[in-house]
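Taking it in order: structure first as structure tokens, then the write-up.
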Amino acid sequence: MILSDRIRFVGVNDFRTRLFEHQWPLPFGVSYNSYLVIGEKVALIDTAAASFKDEFLNNIKDEIGDRKVDYLVVNHMEPDHSALQAAVRAEYPECTIVTNAKAVPMIEGYQGLTENILTVKEGETLDLGGITLQFFMVPMVHWPETMVTWCLEENTLFSGDAFGSFRAVKDCVIDSESGTFEEYKDEMTRYYASIVGKYGTPVQNALKKLEGLEIKRICSTHGPVWENSVSQVVGLYDRLSKYEVSHGVCLAYGSMYGNTEKAAQALAKALESRGIPCVLHNLTEEDYSFALRDVFNYDTVILGSPTYNNGIFPPVRQFMQAICDRQVKGRRFLAFGSFTWAAASVKLLNSMAEEGGFVLLGEGVTFKQGFSAEKFDAEALAALV
Ligand SMILES: Cc1cc2nc3c(=O)[nH]c(=O)nc-3n(C[C@H](O)[C@H](O)[C@H](O)COP(=O)(O)O)c2cc1C
Ligand SMILES: [Fe+2]
Ligand SMILES: [Fe+2]
């Protein structure tokens, strides 16, 4: 797939994998993007996941025929991009691996490759003959060895996972009418929230480092090639990594017998009637990454959990833990839930929220046994938001 005379897309779409990292659902698939930069020498930027070896190597041959890959640039060692390094070396035995010092032992550890590796440092360049690559370290976005590659003549940033998105790419991988930023925004936010979310500060550092570049094209490792929406994509990452949000509610709950669920629905209705944006998530039906996405969209988190073995209902506890693990900053918080003989869930959720630095909007509402409007005053709770 031609991006320009000198840059080609050789990535693959994955519609087979149900869970990315055996954890995150992929309702629209995912792509593992890889690129060729073609000068007098040919550089391949990153590879793909293990099960796509034949398709990936064929994509390369479709673009360059019998020419050789002279360099394999390794931006990031997570196996969704690095699994085919040894396969590339087997196909092109003289290919030099180009990476930074932190990735070198990982390349040995994962792929058993130790020979013919060129180590680059911050800001160093590689002349491909007519076209130049430059390397910038972006540690912890989201592994320690991560770097990005800048192509000077094409104003193109090969950004690794940064600016990546779930959702496979269209035939035309460039963001266009068939694959706009708006179409990808939700899955990009869910990707960020799930995978990169903990690393807000390193992402901010990376954005500052790249500020001076006049970026015309972003070639990430997942999702579209951004040409028409560069500023929106950078803006979204900036907002997400600053944990900036708009006013609204991520309202998530788990419920065994429907009582906490009825309370959640009543609260959603009360918020709606006040014109407060609210997205309702049932954590027992839906993977928590969808709710996590909305924790990165809205300033208020409201969680419903029945008391369970003197604790929080496990799906809700797992979600709350995921929020805390990502060190999400500055959210407003409320909890509610049903119990039968001794309430515990709301208190425990409140203390997790306080430990995470959230502002409690109130002590929450815990109600005994069956739901009723008398026991659970949704209007009063909504008024706190
Ligand atoms: C396995 C299990 C453990 C429970 N543990 C407690 C508990 O420790 N304290 C309590 O008050 N209620 C406990 N309950 C009762 C639930 O909190 C109660 O049924 C509640 O109404 C369920 O809310 P839901 O309809 O939203 O699922 C437990 C229920 C189950 C099934
Ligand atoms: Fe990664
Ligand atoms: Fe990745």
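The values are calculated or read from the model by the stated rules, or taken from the named source; none is laboratory data. Note that the structure is a prediction, hence the values are computed from the model and not measured. Glycine gets a Cβ as well: all are built from the backbone with ideal geometry, and neighbour counts include every protein chain shown. What goes into the accessible areas is simple: the full protein's heavy atoms, side chains included, and nothing from ligands, DNA or RNA. Shrake-Rupley method; radii C 1.70, N 1.55, O 1.52, S 1.80 Å.
Looking at the range 348-360, is at least one residue in contact with a Lys or Arg (Cβ under 6 Å, 6 or more places away or on another chain), surrounded by 21 or more Cβ atoms within 10 Å (Cβ to Cβ) and outside the structural domain of GLU187 (by TED's automatic domain parsing)?
Checked against the condition, which is being in contact with a Lys or Arg (Cβ under 6 Å, 6 or more places away or on another chain), surrounded by 21 or more Cβ atoms within 10 Å (Cβ to Cβ) and outside the structural domain of GLU187 (by TED's automatic domain parsing), the range 348-360 yields at least one hit.
Can you find, within the range 187-207, the residue that is surrounded by the fewest Cβ atoms within 10 Å (Cβ to Cβ) among those that are away from ligand 2 (no atom under 15 Å from the Cβ) and at pLDDT below 95?
Checked the range 187-207; the qualifying residue surrounded by the fewest Cβ atoms within 10 Å (Cβ to Cβ) is THR201.
State all residues of the range 130-177 that are within 13 Å of ligand 2 (Cβ to nearest atom) and acidic (Asp, Glu); if no residue qualifies, say none.
GLU145, ASP161
Restricted to the range 332-342, and to residues that are without any contact (Cβ under 8 Å) to a residue 60 or more places away in the chain and under 19 Å from ALA378 (Cα atoms), which residue is farthest from ligand 2 (Cβ to nearest atom)?
Filtering first and then ranking leaves PHE339.
Of all the residues that make up the range 33-51, how many are out of contact with any Cys (no Cβ under 8 Å at 6 or more places or on another chain) and open to solvent by less than 10 Å² (accessible area, probe 1.4 Å)? Lay out the reasoning, then the answer.
From the range 33-51, those out of contact with any Cys (no Cβ under 8 Å at 6 or more places or on another chain) are 34, 36, 38-43, 46-51; that's our starting set.
Then drop every residue that is not open to solvent by less than 10 Å² (accessible area, probe 1.4 Å), which leaves 34, 36, 42-43, 46-48.
Looking only at that region, the number is 7.
Within the range 164-180, does at least one residue satisfy the condition of being in contact with a Leu (Cβ under 8 Å, 6 or more places away or on another chain) and of a type in the set (S, T, N, Q)?
Within the range 164-180 (the criterion being in contact with a Leu (Cβ under 8 Å, 6 or more places away or on another chain) and of a type in the set (S, T, N, Q)), the answer is no, since none of the residues qualifies.
Report every pair of residues separated by at least 6 positions or lying on different chains whose Cβ atoms are under 9 Å apart, first residue within the range 349-369 and at negative phi, second hydroxyl-bearing (Ser, Thr, Tyr) and surrounded by fewer than 15 Cβ atoms within 10 Å (Cβ to Cβ).
Partner pairs satisfying both residue conditions: LYS368/THR340.
Check whether at least one residue in the range 165-187 is of a type in the set (Gly, Ala, Ser) and under 15 Å from the mean Cα position of the chain (by Cα), and report yes or no.
Within the range 165-187, the first condition is being of a type in the set (Gly, Ala, Ser), and the residues that meet it are 165, 168, 176, 178-179.
Those still in the list that are under 15 Å from the mean Cα position of the chain (by Cα) too: 165, 168.
Within the range 165-187, one or more residues are of a type in the set (Gly, Ala, Ser) and under 15 Å from the mean Cα position of the chain (by Cα).
A quick yes/no check of all residues on (1) acidic (Asp, Glu); (2) in the same structural domain as TRP150 (by TED's automatic domain parsing); (3) surrounded by fewer than 17 Cβ atoms within 10 Å (Cβ to Cβ); (4) within 24 Å of ASP175 (Cβ to Cβ):
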residue	(1), (2), (3), (4)
HIS22	no, yes, yes, no
LYS68	no, yes, yes, no
TYR71	no, yes, no, no
ASN75	no, yes, no, yes
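What tally of residues in the range 81-98 results from selecting those that are within 16 Å of ligand 3 (Cβ to nearest atom) and open to solvent by less than 20 Å² (accessible area, probe 1.4 Å)? Give the steps one after another, and end with the answer.
The initial filter retains those residues of the range 81-98 that are within 16 Å of ligand 3 (Cβ to nearest atom), namely 81-85.
After this cut, where a residue has to be open to solvent by less than 20 Å² (accessible area, probe 1.4 Å) as well, the list is 81-82, 84-85.
Matching residues across the range 81-98 total 4.
I'd like to check which strands (runs of 3 or more DSSP E) are fully inside the range 229-335 and have at least 2 residues that are at negative phi, surrounded by 24 or more Cβ atoms within 10 Å (Cβ to Cβ) and away from ligand 1 (no atom under 12 Å from the Cβ). Spell out how you get there, then give the answer.
Working: elements: 246-253, 278-282, 298-304.
Those strands (runs of 3 or more DSSP E) span 246-253, 298-304.
Given (1) surrounded by fewer than 21 Cβ atoms within 10 Å (Cβ to Cβ); (2) touching a Ser or Thr at 6+ places or on another chain (Cβ under 6 Å), where does VAL138 come up short, assuming only one miss?
Of (1) surrounded by fewer than 21 Cβ atoms within 10 Å (Cβ to Cβ); (2) touching a Ser or Thr at 6+ places or on another chain (Cβ under 6 Å), only one is false for VAL138: (1).
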